[in-house]
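Structure, as structure tokens:
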Amino acid sequence: MSSFQRGGDFSGQQQQQVPILVLKEGTTETKGKQAQRNNITAAKLIAELVKSALGPRGMDKMLVSPVGDVTITDDGATILKEVEIEHPAAKMMVEVAKSVDNEVGDGTTSAVVLAGALIDKAEELISKQVHPTVIVDGYQSAAEKAIEILREAAIDTGDDPASNKEWLYKVARTSMLSKLVSGESEQMAKLAVDAVVAAAEKLGGQYKLDADNIKVEKKAGGSLHDTRLVKGLVLDKEVVHGGMPKRIENAKIVLLNAPLEIEKTEMSAEIRISDPQQMQKFLEEEDRMLKSMVDKIKVAGANVVLCQKGIDDTAQHYLAKEGILAVRRVKESDVTKLARATGARIVTNIEDLTSDDLGNAELVEERKVETDKWVFIEGCKNPRSVSILVRGGSQRVVDEAERSVHDAIMAVKDVIEYPHVVAGGGAPEAFVSAKIRDWANSMSGRSQMAIQKFADAIETIPLVLAENAGMNPLDTQVELRSKISGKEIKYGIDVLGAKVADISRLNIYEPLAVKEQVINAATEAASMILRIDEVIAASKPKQSSSEPKSPQYGGGFDEQ
Ligand SMILES: Nc1ncnc2c1ncn2[C@@H]1O[C@H](COP(=O)(O)OP(=O)(O)O)[C@@H](O)[C@H]1O
Ligand SMILES: [Mg+2]
């Protein structure tokens, strides 16, 4: 590393040897081979970190946050989200996981492992003096070819996968098999499919799922078997007043984004009351105002109030007297979902409330969930709003179950939106690897070398799956290569049986969308990292005791 100071030799105006300071003092730069080596090492380390978590026999990681919270997971995105990463190239690997997670929701570990393998293979070429640009070009065209090969070999699940849930179910189950909840994967997969089919919308012959239509709530206690699909929404809040009804059929719902309270003035005002009558009057006035608010609600014809803000005790009393069920401090995100689900308009000024603003649901009911009481809103006007209430023995189990439900929902969404699937277990990667190797043989020159390396890199996926299943990677590679032929994706790793097998017979299927995204994201990240030949790092701001540490040096994901 050297300080970025250069002599003024590029301009005639600089006659003396006065050094020009281009970058701020303290800036460091790393160039050429050194920069490349650092980046490659960092990226490979990240891939190494998540590698052992790939597949149903992947090991879990126990992550401990600075305040001592423990997360146990084998989800690549979650692992990378929890660990703090400093190195810029390593952060780019984290970005891969993030982008795959956002786009298709599954395949995050695979993407990081593939990116790491691509970089690892590129290193071999770089040491043979192949220029990174040549490698990047080779990788890019190999990735395109890989996707073409996959599209040709993928299974078309038909235009209306929702009417034949079999494929969706297989895909959901596969995505869950690799998580803690694998024992309950049958039941959980069915739930995920039912949720997506209920929530998806068919627009112009094309299914679309707005994932916001599915709310996943979790509560520790009971067992995973108690996990339920609710056709509606669940609020983890109780009915605000003991005297209110706990069950309302044919609900007319007000969604209120204003307090049912007398608002305190901004300035501190003082009222001097000299005689008790005045005091009485003052209280009566407050009472009258609250009553008129409740009257407004009554007149509009509502029997349920879901309020984002607080509800004053007196208002609660009047609401109870009118037989209205009310919940206070409902989360903003829930209010938005409720508006969509029930068709209610969010009211910000109670004076404006009319019957047109009300939403509808067949049933609003408070139910006991373990020691809590939650409010269920079912049979909503918009039947596409559904919730999955995840239960499980402990907080850690429900946390991991929630993540796998999320993955399964996303996998099913991928298939209904892009109705193609491929067998799993590394079979598609092994197939692509073989086909690309053949294709490379028809070429010449240096790009051929890069394309061959791509074929080697993508073969890492089945080999890592095999390794995690306790199989010998070398023997597996030989056996796998000998079995691949024909036009169909078949042979891969039967991870649970720890052998090479025809995966299509095991009903392990994955969305083609995930495989495409994994290849694209990994190739992109590897290319980006390989193209870098200079790292210029600004000096970190000096830390004085009054200045908090800049958050940009923390982990890669959005901090929550
Ligand atoms: N029962 C199984 N047998 C073989 N491979 C499986 C099985 N279940 C999942 N897989 C494979 O495991 C890989 C996904 O592992 P996973 O840990 O979920 O990582 P990712 O984050 O990439 O989705 C895929 O290649 C998938 O085909
Ligand atoms: Mg997965």
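The values are calculated or read from the model by the stated rules, or taken from the named source; none is laboratory data. Predicted model, so just to flag it, every value in this text is computed and none were measured. FYI the Cβ positions are ideal-geometry reconstructions off the backbone, even for glycines, and counts take in every protein chain you see. Note: areas computed on protein heavy atoms with side chains; ligands, DNA, RNA excluded. Shrake-Rupley method; radii C 1.70, N 1.55, O 1.52, S 1.80 Å.
Applied to the range 410-421, the Karplus parametrisation 6.51 cos²θ - 1.76 cosθ + 1.60 on θ = phi - 60° returns per-residue 3J(HN,Hα) values of 5, 5, 5, 4, 4, 6, 5, 7, 9, x, 9, 10 Hz, with x for Gly and Pro. HIS131 contributes an accessible area of around 110 Å² to the protein surface, as traced by a 1.4 Å probe with all chains present. A simple rule links phi to the HN-Hα coupling: the Karplus curve 6.51 cos²θ - 1.76 cosθ + 1.60 with θ = phi - 60°, which for the range 457-466 gives 5, 6, 5, 4, 4, x, 5, 5, 4, 5 Hz, with x for Gly and Pro.
For the range 232-382, dividing the convex hull volume of the Cα atoms by the residue count gives 122 Å³ per residue. At q = 0.20 Å⁻¹ the log10 of I(q)/I(0) for the range 195-316 amounts to -1.24, computed by Debye summation with a single uniform scatterer per C-alpha, solvent ignored. Translational diffusion coefficient of the range 139-253 at 37 °C, 0.692 mPa s, Stokes-Einstein with Kirkwood Rh over Cα pairs, in µm²/s as a whole number. D = 183 µm²/s. Given the C-alpha centroids of the range 33-55 and the range 467-536, what is the distance between them in whole angstrom? A separation of 18 Å, based on Cα centres. Return the subset of LYS128/LYS435; LYS309/LYS331; LYS33/LYS121; LYS237/LYS309; LYS44/LYS453 for which the Cα-Cα distance in this structure is over 19 Å, preserving the input order. Check vs 19 Å cut-off fails for LYS128/LYS435. Using equal-weight Cα scatterers in the Debye expression, the normalised intensity of the range 75-227 in log10 at q = 0.11 Å⁻¹ is -0.65.
A cut-off of 5 Å between modelled amide H atoms, ignoring neighbours fewer than 5 places along the same chain, links VAL305 with VAL254, LEU325, ALA326, VAL327. Pairs of Cα atoms in the range 382-527 fall into 10 Å distance bins, from 0 up to the last occupied one, in shares of 10, 31, 33, 17, 6, 2 percent.
Rolling a 1.4 angstrom probe over the protein heavy atoms with all chains in place gives the chain an accessible area of 49 Å² per residue.
Under 5 Å between amide hydrogens, built in the peptide plane, is the criterion, and for THR157 it picks out HIS420, VAL421 among residues at least 5 positions away or on other chains. Annotation: extensible slack from LEU474 through LYS368 equals 32.6 nm (criterion: 0.36 nm per residue apart, minus Cα-Cα distance).
In terms of Cα atoms, the Rg and Dmax of the range 281-348 work out to 12.8, 43 Å.
Entry note: the range 435-495 has Rg to Rh equal to 1.02, where both radii use alpha-carbon atoms and Rh is the Kirkwood radius. Scattering from the chain was approximated by placing one identical point on each alpha carbon and applying the Debye formula without solvent; log10 I(q)/I(0) at 0.11 1/Å stands at -1.03. The distance linking the range 186-260 with the range 375-442 is 20 Å (Cα centroid to Cα centroid, whole angstrom). Each Lys or Arg adds one and each Asp or Glu takes one away; over the other residues whose Cβ falls under 13 Å from the Cβ of LYS202, this sums to -3.
Computed per residue of the chain from DSSP H runs no shorter than four, each worth -39500 (n - 2.57), the mean residue ellipticity at 222 nm is -15000 deg cm²/dmol. Couplings for the range 503-508, taken from phi via the Karplus curve 6.51 cos²θ - 1.76 cosθ + 1.60 with θ = phi - 60°, read 5, 4, 7, 8, 6, 9 Hz in order; Gly and Pro are left as x.
Out of the total accessible area of the range 232-382 (probe 1.4 Å, heavy atoms of protein only), what percent is carbon and sulfur?
After summing per-atom areas, the C and S share lands at 46 percent.
Calculate, for GLN280 and GLU351, the FRET efficiency according to 1/(1 + (r/R0)^6) with r their C-beta to C-beta distance and R0 22 Å; round to the nearest 0.05. Rounded to the nearest 0.05, the efficiency is 0.25. The DSSP beta bridges internal to the chain are antiparallel in roughly 75% of cases.
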